[in-house]
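Visitor: What follows is a single structure, and I will ask about it in a moment.
The values are calculated or read from the model by the stated rules, or taken from the named source; none is laboratory data. Computed from a predicted model, the values in this text were never measured in an experiment. Please note: Cβ atoms are built from the backbone with ideal geometry, for glycine as well, and neighbour counts cover all protein chains shown. Side chains included, ligands, DNA and RNA excluded: accessible areas come from the protein's heavy atoms. Shrake-Rupley method; radii C 1.70, N 1.55, O 1.52, S 1.80 Å.
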Amino acid sequence: QYDEFCSPQAVFDVGLTPTSLITDGSGVPFNCVDVVGNSLTNQPDLKYTIGASYRSPLGNTGWQWVARADWRSIGEQYLDDVEFLKLPVTETLNASVAFMNDDWNLRVWGRNLTDDDTPRRVNDGNNWNDGGSHTFWFIPRDPREYGVQLTYSF
């Protein structure tokens with residue numbers, strides 16, 4: 001959280017009424033809105049990853065199998081310092097199962113099995129190609145994806 005900050009973005013980009021003005025003797029360099037106590041931008045309140053693996057032989061065949069999964073959670077995060085826009089909690093699951101011996105490795109995998117389509121990031125700024133209008137652009141998350149990998153070592 002902000003311990004001390006007065007946001008010019010709240011005035012210029014969001015259009016809020018300033019709580020501090022350049023001319024009020026406060027020493028601020030821009031008209032701004034006091035956002036003390038608000039969350040830092042693009043910083044989730046909680047972020048964690050839990051992973052697990054299991055490995056076991058397949059009888060007396062010389063083969064073994066490995067299962068792997070990881071769960072990732074990113075808490076909600078505000079996109080601006082006045083807490084006007086925010087991304088929701090994002091949760092993704094990745095998993096794989098592999099069968100291997102001395103020479104062969106067959107792996108079946110999946111990424112983003114929860115098919116979470118929350119953007120990875122949202123940026124904003126001015127589009128100077130059309131006179132400086134304020135615009136947003138999104139960096140998308142990879143969609144659900146499956147795959148098979150076969151490897152031979154010699």
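Visitor: With 5 Å bins from zero, work out the P(r) of the chain over every alpha carbon pair and list the percent per bin.
Guide: Histogramming the chain at 5 Å steps yields 2, 8, 11, 13, 12, 10, 9, 8, 6, 6, 5, 4, 3, 2, 1, 0, 0 percent.
Visitor: Please report, as a whole percent, how much of the solvent-accessible surface of the range 1-92 comes from carbon and sulfur atoms (probe radius 1.4 Å). Provide the component values of the computation, followed by the final result.
Guide: Numbers: 3160 of 5970 Å².
For the range 1-92, the apolar C and S fraction of the accessible surface comes to 53 percent.
Visitor: Follow-up. How much accessible area per residue does the chain have, in Å², with a 1.4 Å probe?
Guide: Computed with neighbouring chains in place, this is 68 Å² per residue.
Visitor: Using only helices, what value at 222 nm comes out for the chain when you add -39,500 (n - 2.57) per DSSP H run of length 4 or more and divide by the total residues, to the nearest 500 deg cm²/dmol? Please list the in-between numbers first.
Guide: Values: 1 runs with 4 residues, N = 154.
-500 deg cm²/dmol, from helical runs alone.
Visitor: For the range 79-91, just list the computed ³J(HN,Hα) in residue order, Karplus coefficients 6.51, -1.76 and 1.60, θ = phi - 60°, integers in Hz, with x standing in for Gly and Pro.
Guide: 8, 9, 7, 9, 6, 8, 10, 8, 8, x, 4, 10, 10
Visitor: Using modelled amide H (1.01 Å from N, peptide plane; none on Pro or chain starts), what sits under 5 Å from the amide H of LEU16, excluding residues fewer than 5 places away?
Guide: Amide H neighbours of LEU16: VAL11.
Visitor: While we're here: For the range 38-50, what does the Karplus curve 6.51 cos²θ - 1.76 cosθ + 1.60, with θ = phi - 60°, yield as ³J(HN,Hα) per residue in whole Hz, taken in order and with x for Gly and Pro?
Guide: These are the phi-based 3J(HN,Hα) values: 6, 6, 5, 6, 6, 10, x, 6, 8, 8, 8, 9, 10 Hz.
Visitor: Then there is this: Say the dipole of the range 1-95 comes from +1 at the beta carbon of Lys and Arg and -1 at that of Asp and Glu; which of LEU40, TRP63, PHE5 then lies farthest toward its positive end?
Guide: Of the options given, the answer is TRP63.
Visitor: Using amide H atoms built 1.01 Å from N in the peptide plane, name the residues 5+ places from LYS86, or on other chains, whose amide H lies under 5 Å from its own.
Guide: Those lying under 5 Å, H to H, from LYS86 are LEU79.
Visitor: Output the peptides 70-83, 45-58 sorted from most to least packed, where packing is the average of other Cβ atoms within 10 Å over each peptide's residues. Mind showing how you got there, number by number?
Guide: Values: 70-83: 17.1, 45-58: 10.5.
In descending order of packing, they fall as 70-83, 45-58.
Visitor: Another question, then. What does the extension gain come out to for ASP70 and TYR48, with contour length at 0.36 nm per residue minus their alpha carbon separation? Let's see the in-between values first.
Guide: Numbers: separation 22, 0.36 × 22 = 7.92 nm, distance 1.04 nm.
Working it through step by step, the gained length comes to 6.9 nm.
Visitor: Calculate, for TRP128 and LEU93, the FRET efficiency according to 1/(1 + (r/R0)^6) with r their C-beta to C-beta distance and R0 41 Å; round to the nearest 0.05.
Guide: 0.50
Visitor: Among 34-44, 116-126, what's the highest-first ranking by average C-beta atoms within 10 angstrom per residue?
Guide: On the way: 34-44: 15.5, 116-126: 13.7.
Per-residue Cβ counts within 10 Å, averaged per peptide and sorted highest first, yield 34-44, 116-126.
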